[in-house]
Structures are given as C-alpha cells and as structure tokens.
C-alpha cells in the first residue's frame, strides 16, 4: 500500500509530482508510460540550468518534444 501512495504524490497546490525524482536515472520509463505527454525527461544525467529550453514547458510543447521518446520507442 505504501508504494501505491508514493506513486501519487501531489504538491501543496494538489498538482501531481513525480515520486522520488531525486532517484531518477534518466531511463525514460515514466515518460514512455505517460499516456498524455504530461511530463518530459531531459536527456541529461545532471540538472539542467533554469534558463535551459529543457525547463520551458511552452517551448517543449511547441517543439514537439513532449512524448517524443514514447513515440519513437513505443509506436
């Protein structure tokens, strides 16, 4: 039961957040299994700078990057 709770964390405003993001190994499985392209995994093993286009949701959506891993690897 604890694992199920961990997968459904929310921030103080009620917005869902990725559980255990600090343990991310950039495997892209969460992005590959997200049916709505609601998240994006930057292809880096270190945090990207705040001014990076990889942190700009609008730029990612406009470029078609959201969901591109799943589309390329799980047609």
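The values are calculated or read from the model by the stated rules, or taken from the named source; none is laboratory data. Because the structure is a prediction, the values reported are computed rather than measured. Backbone-built Cβ (ideal geometry, glycine too); neighbour counts: all protein chains shown.
Output the residues belonging to segment 45-75 that are under 18 Å from residue 21 (Cβ atoms) and part of a helix (DSSP H, G or I). 54, 55, 57, 60, 69, listed by residue number. Among the residues of segment 32-39, are any in a loop (DSSP other than H, G, I, E, B), over 21 Å from residue 71 (Cβ atoms) and free of Cβ contacts under 8 Å to residues at least 60 places away in the same chain? Looking for residues that are in a loop (DSSP other than H, G, I, E, B), over 21 Å from residue 71 (Cβ atoms) and free of Cβ contacts under 8 Å to residues at least 60 places away in the same chain, one finds none in segment 32-39, hence no. Beta carbons closer than 6 Å, at least 6 apart along the sequence or on distinct chains, pair a first residue in segment 3-30 that is modelled with pLDDT of 80 or more with a second that is assigned to a loop (DSSP other than H, G, I, E, B) for 11/17; 28/41.
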